[in-house]
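The structure appears below as structure tokens.
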Amino acid sequence: MVGGPVATGAGIGANAPKSKLAGVLMTSFAAFGGILYGYDTGVISGIQAMCDWLHTFGHYDPSAYNLCGGYGITSSTQSLVVSILSAGTFFGALLGAPIADHLGRKYGVISACLVFCIGVAMQTGSTSIPLFVVGRVFAGLGVGIISTLVPMYQSECAPKWIRGAVVSAYQWAITIGLLLASVINNATSERANHSAWRIPISIQFIWALILSVGMTFLPESPRWLIKRGRDADAAKAMSRLTSLDINDPEVETELADIRENLRAEEALGEHSYADCFRGGSNKIGFRTLTGIFLQAWQQLTGINFIFYYGTTFFQNSGIRNAFLISVATNVVNVFMTLPGMWGVERFGRRRLLLVGAIGMTICEFLVAIVGVTVSVDNAAGQKVLIAFVCIYIAFFASTWGPIAWVVVGEIYPLAVRAKAMSLATASNWLWNFGIGYATPYLVNSGPGNADLGVKVFFVWGSTCACCIIFTYFCIPETKGLSLEQVDILYQNTTPIRSVAYRKELIANDVHPSDLAHEKGGSGQVYEHSEEKV
């Protein structure tokens, strides 16, 4: 799934006691932004299978459509309606960084909610495809901006010791949004009027209201406030996030660290997007491409096929209550994300990504084999198919769903972090759009379509196998490291050897600032780190 943490700081409260949960709770609420994306994805999956929606937006052709009295939509229309949101989110993600710099993280999220509501209003009031599609674009712009700003806010404000789990909460919120949409779709799907689909769509106003109102009560990112020269406001925000007095030495230490990081960043000067792809000992180009392809492979696992087209797919597979099965798959998605949020700090990023890719590969191939060898009228066979789909979702939800975003938020150097993250987030939305647009042509029958049906899982199984290879050669282990220590790791080892090197970094408590003082400057920091480690 999507979203996209832009980690522009090393986290706050690094030295504060772990019992100080104020920052955790506040930054976790910001994850509510994931509800907007997850719910929208789930809504479109369900309403395109509702008869009243098909009567309103589709056309009559009994020879092509055997459900809903012969009404349906073409593959091209289905592709457009589903995937156009991702086109909007692609541009929204790119707009997120400048909006965050000018309006701030907090008010940037609030403004994105307004854009999102404009799109929801258009979809709710439409009775034709053109207005509905335009509404999807505006909703996508809002979701894209939120997908950049919410995890950015989390990464800058969450305590360092639990940053991975907090950022993972954004993905968890996406799964909750999917589940809510599935439940509401199931409750309204049998209505014989426009309320069948207008109720699920209009409920999105409530989610946007909750997020925007809640954000007004949260403190702004201290890092952004310091960057704008508002040191007094930054101290107040830090005090709230750490539950410490504004004059507490811990607060002053944290603010001093942020100022030092900001001075180091400004000393490096301005950086263009081209600098994200340069070579050198810091491997910036490799790291940027790692994030871009990690986002691509996350989409190519095929997970959004289930959540965009799952209801329609289950109907065509002969499953009687497709809406109820959709609810079941979303329940699995929600609850299996929780082990991932815990495991990311317990077992590490690299190990879980490898385990998840292996598990998904096996399940995808088994689903494809069952689908092509068992009749759609075979009840036992269909139950097996559903079971392996649920196991596949469980592997994704506990590994590639949340952890891919955590890794991308940790692997970039400070100088190019914001720009590299915007490229990675945009990559996720671009592939999301491409897969959403192409899937109906791959799965559906009829002229101009590949008519793969359940055989499309052979494709997803193959791409998951590629995820195994990609993770092994390109993803380092970064658990327990500060963002600065991740920079040292990239300078001195490879992803394959990163597990052992990470342990040495932690055991020797290596920090760039200490090494810089020892060498009399930053130029030799990483060369010396190899000797110390």
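The values are calculated or read from the model by the stated rules, or taken from the named source; none is laboratory data. A quick note: this is a predicted structure, and the numbers were derived from the prediction, not measured. We place every Cβ from the backbone using ideal geometry, glycine too, and count neighbours over all the protein chains shown. Ligands, DNA and RNA are excluded from the accessible area calculation, which covers all protein heavy atoms including side chains. Shrake-Rupley method; radii C 1.70, N 1.55, O 1.52, S 1.80 Å.
If you scan segment 500-510, which residues turn out to be in contact (Cβ under 8 Å) with a residue 12 or more places away in the chain and either open to solvent by 40 Å² or more (accessible area, probe 1.4 Å) or in a helix (DSSP H, G or I) (or both)? Walk me through how you get there before you give the answer.
First, the residues of segment 500-510 that are in contact (Cβ under 8 Å) with a residue 12 or more places away in the chain: 501-502, 504-506, 508, 510.
Once the filter is applied, which keeps residues that are in contact (Cβ under 8 Å) with a residue 12 or more places away in the chain and either open to solvent by 40 Å² or more (accessible area, probe 1.4 Å) or in a helix (DSSP H, G or I) (or both), segment 500-510 yields TYR501, ARG502, GLU504, LEU505, ILE506, ASN508.
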Quiz item: Being open to solvent by less than 10 Å² (accessible area, probe 1.4 Å), out of contact with any Lys or Arg (no Cβ under 9 Å at 6 or more places or on another chain) and over 30 Å from GLU345 (Cβ atoms), is that true of even one residue in segment 156-166?
Solution: no
Practice problem: Given the conditions (1) in contact with a helix residue (DSSP H, G or I) (Cβ under 8 Å, 6 or more places away or on another chain); (2) modelled with pLDDT under 80, report the number of the one that LEU25 does not fulfil. | Solution: (1)
Practice problem: Taking the residues in segment 237-251 that are without any contact (Cβ under 8 Å) to a residue 40 or more places away in the chain and more than 30 Å from the chain's Cα centre (by Cα) as candidates, determine which candidate is least open to solvent (accessible area, probe 1.4 Å). | Solution: VAL251
Quiz prompt | Residue tally, condition farther than 20 Å from PRO440 by Cα and free of Cβ contacts under 8 Å to residues at least 24 places away in the same chain, over segment 63-100 | solution = 2
Quiz item: Which residues, counting only those in segment 371-385, are β-branched (Val, Ile, Thr) and in contact (Cβ under 8 Å) with a residue 24 or more places away in the chain?
Solution: VAL372, VAL376
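In segment 196-228, what residues are in a helix (DSSP H, G or I), basic (Lys, Arg) and open to solvent by 40 Å² or more (accessible area, probe 1.4 Å)?
Of segment 196-228, the ones in a helix (DSSP H, G or I) are 196-202, 204-216, 222-227.
Subsequent filtering for residues that are basic (Lys, Arg) retains 198, 223, 227.
Hits for segment 196-228 are ARG198, LYS227.
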Quiz item: Out of all the residues in segment 386-405, is one or more touching a Gly at 6+ places or on another chain (Cβ under 6 Å), of a type in the set (Gly, Ala, Ser) and within 17 Å of PHE347 (Cα to Cα)?
Solution: yes
Quiz item: If you check ASN193, ASN186, which single one turns out to be touching a residue at least 60 places away in the same chain (Cβ under 8 Å), under 14 Å from GLY42 (Cβ atoms), open to solvent by 50 Å² or more (accessible area, probe 1.4 Å) and not aliphatic (A, V, I, L, M)?
Solution: ASN186
Quiz item: Within segment 57-81, restricting attention to residues that are in a helix (DSSP H, G or I) and open to solvent by 50 Å² or more (accessible area, probe 1.4 Å), which residue is nearest to VAL134 (Cα to Cα)?
Solution: LEU80
Quiz item: Residues of segment 444-462 being surrounded by 20 or more Cβ atoms within 10 Å (Cβ to Cβ) and within 25 Å of the chain's Cα centre (by Cα), which ones?
Solution: VAL456, PHE457, TRP460, GLY461
Practice problem: Out of GLU252, GLU266, report the one residue that is charged (D, E, K, R) and at pLDDT 80 or above. | Solution: GLU252
Quiz prompt | Top-ranked residue of segment 449-499 - restricted to ones that are charged (D, E, K, R) and part of a loop (DSSP other than H, G, I, E, B), ranked as nearest to GLY302 (Cα to Cα) | solution = ASP451
Self-check item: All positions within segment 423-453 that are among the aliphatic types (A, V, I, L, M), more than 13 Å from GLY88 (Cα to Cα) and touching a residue at least 40 places away in the same chain (Cβ under 8 Å)
Solution: LEU423, ALA424, ILE435, ALA438, VAL443
Quiz item: List, please: which pairs have Cβ atoms under 9 Å, are six or more places apart or on different chains, and start with a residue in segment 332-358 that is at positive phi and end with one that is among the acidic types (Asp, Glu) and outside any helix (DSSP H, G or I)?
Solution: GLY348/GLU477
Quiz item: Does segment 87-105 include one or more residues that are open to solvent by less than 20 Å² (accessible area, probe 1.4 Å) and assigned to a loop (DSSP other than H, G, I, E, B)?
Solution: yes
